[in-house]
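The values are calculated or read from the model by the stated rules, or taken from the named source; none is laboratory data. Quantities reported herein were computed from a predicted structural model and do not represent experimental measurements. Note that we place each Cβ from the backbone using ideal geometry, even for glycine, and neighbour counts take in every protein chain shown.
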Amino acid sequence: MKISIIGAGIIGLSTALTLADRGHQVTVHDPAPGSGASHHAGGMLAPTAEVVYKQDPLFPLMLAAAEWYPQLIELTQRYSDVATGYRTDGTLVVARDRADNTHLEELTAYQHLHGMEVERLTTRRARQLEPALSPALAGAVEITGDHQLQPRRFTQALLDACEKASVSIEPYAVHDVDEVDADQVVIAAGLGAAGITGWYEGERNPLDLRPVYGDILHVRVPEHQYPLLTRVVRGFVEDRPVYLIPREDKTLTIGATTREDGRDQPQIQGVYQLLRDAIELCPALEECDLIEATAGARPGSPDDLPYLGRVNERVVVSTGYFRHGILLAGMAARCGADLVEQIDPPISLEACDPMRHRR
Ligand SMILES: Cc1cc2nc3c(=O)[nH]c(=O)nc-3n(C[C@H](O)[C@H](O)[C@H](O)COP(=O)(O)OP(=O)(O)OC[C@H]3O[C@@H](n4cnc5c(N)ncnc54)[C@H](O)[C@@H]3O)c2cc1C
């Protein structure tokens with residue numbers, strides 16, 4: 001089958017690779033591959049730590065994505081040698097003060113209620129695992145099932161794998177699905193999907209997407225401190241969430257703020273908040289080199305669930321992955337490819353109907 005994918009972020013590329021591996025002739029269209037949210041993401045694959053109260057329809061999608069992630073990595077590495085930064089060392093979640101610890105305890109109870117594996121640790125044990133953590137922490141848990149990768153590297157690996165799997169990458173934007181010569185089209189253009197026409201009736205695009213900005217920092221750990229941390233550390237500091245992701249290339253990512261102010265540059269307030277809170281959890285960070293402050297826009301939907309489904313006999317929509325798109329790629333690639341091939345995906349996508357916010 002001849003298939004066009006609009007958008008070369010992590011969602012479009014992983015779907016393209018899956019379909020090419022299934023024997024289809026795939027073209028990906030994007031004027032700037034890998035330049036969207038996927039370029040700015042932290043890369044946590046965290047179905048448990050990222051659980052959000054009362055978002056039950058999201059849990060099965062996140063759990064399926066985490067379960068299938070090793071297959072997506074294996075598929076990528078079957079075609080490409082480019083390292084993805086995929087690591088399975090697990091995650092610590094820590095609380096800075098007593099109020100933060102109450103929050104952490106409530107979150108842990110909620111996770112246990114949903115059958116998730118979270119182990120309470122003494123702060124002493126947490127510091128044995130990660131000696132760079134502050135001695136002043138009030139609580140800690142370990143989540144061994146939450147992993148990470150390096151999104152920019154993974155995008156490069158996916159691009160390389162796609163090329164080796166004979167996917168054609170066309171450096172052009174598509175504004176109307178009728179512009180492309182294909183049997184099937186997948187709209188995977190992140191926020192750009194809201195501007196793509198030709199697949200719905202009426203004036204208004206049914207996708208209700210909005211940019212949710214996040215500031216994020218990259219630092220380099222000096223030789224004498226490396227490895228400052230050996231696993232992902234997430235924390236609450238005066239109820240603000242912050243995370244630290246150590247990488248094998250001796251960098252460390254600190255993220256991420258959440259704001260809907262329409263400003264696409266990193267904001268001083270956000271950078272300050274991230275550094276201050278990260279240093280509260282890991283004081284030695286003060287000695288690192290700041291190498292990049294950046295801001296990206298998460299493709300948000302009104303109910304924080306993706307838009308993933310078939311909308312007519314030629315078009316499948318796959319966008320709106322909001323804060324979890326790197327993780328959800330593990331599910332989106334497989335289910336998106338199934339939708340294109342008109343076979344039932346292994347999990348229910350009822351909650352992700354792309355037409356559910358049509359007005
Ligand atoms: C600061 C920050 C931190 C994050 N951290 C995490 C995290 O730790 N874990 C996690 O799971 N998720 C995280 N996310 C969310 C994640 O980055 C997104 O959900 C995910 O990258 C969405 O991928 P995508 O491929 O749908 O979109 P994008 O990466 O935005 O890609 C869309 C692509 O479509 C192209 N495009 C747009 N319009 C058109 C058009 N008309 N024609 C052709 N191409 C077009 C763009 O050029 C772009 O390359 C984070 C996001 C941010 C901003």
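The residues of the stretch 197-243 that are surrounded by fewer than 19 Cβ atoms within 10 Å (Cβ to Cβ) and among the small types (G, A, S), listed by number, are G198, G202.
Criterion applied to L13, L75, L63, L17 was being assigned by TED's automatic domain parsing to the domain that holds C162, over 30 Å from R210 (Cα atoms), within 21 Å of the chain's Cα centre (by Cα) and not β-branched (V, I, T), and the one residue passing it is L75.
In the stretch 81-93, is there at least one residue being more than 16 Å from the ligand (Cβ to nearest atom), within 16 Å of Q156 (Cα to Cα) and more than 18 Å from the chain's Cα centre (by Cα)? Taking every residue of the stretch 81-93 in turn, at least one turns out to be more than 16 Å from the ligand (Cβ to nearest atom), within 16 Å of Q156 (Cα to Cα) and more than 18 Å from the chain's Cα centre (by Cα). Checking G255, G325 one by one, the residue that is outside the structural domain of Q184 (by TED's automatic domain parsing), touching a residue at least 60 places away in the same chain (Cβ under 8 Å) and either closer than 19 Å to M44 by Cβ or aromatic (F, W, Y) (or both) is G255 and no other.
Against the conditions (1) farther than 25 Å from A333 by Cβ; (2) in the same structural domain as N312 (by TED's automatic domain parsing), H175 satisfies every one except (1). In the stretch 14-25, the count of residues that are among the aliphatic types (A, V, I, L, M) and under 22 Å from R323 (Cα atoms) is one or more. On inspection, A329 qualifies as near the ligand (Cβ under 9 Å from one of its atoms), farther than 24 Å from V94 by Cβ and in a helix (DSSP H, G or I).
Looking across the stretch 96-113, the residues that are assigned to a helix (DSSP H, G or I) and surrounded by 12 or more Cβ atoms within 10 Å (Cβ to Cβ) come down to A99, D100, N101, T102, H103, L104, E105, L107, T108, Y110, Q111, H112.
Can you tell me which of (1) in a loop (DSSP other than H, G, I, E, B); (2) touching a residue at least 60 places away in the same chain (Cβ under 8 Å) is the one N205 doesn't meet? Failed condition: (2). For the stretch 14-41, give me each residue that is surrounded by 21 or more Cβ atoms within 10 Å (Cβ to Cβ) and near the ligand (Cβ under 10 Å from one of its atoms). Passing the criteria: S14, T15, V28, H29, D30, P33, G36, A37, S38, H40, A41. Selection of strands (runs of 3 or more DSSP E) fully inside the stretch 114-196 by the criterion of at least 3 residues being buried (at least 16 other Cβ atoms within 10 Å of the Cβ) and within 16 Å of the ligand (Cβ to nearest atom) returns 184-187.
Inclusion of L61 among residues that are within 14 Å of the ligand (Cβ to nearest atom), at negative phi, in a helix (DSSP H, G or I) and aliphatic (A, V, I, L, M) is warranted.
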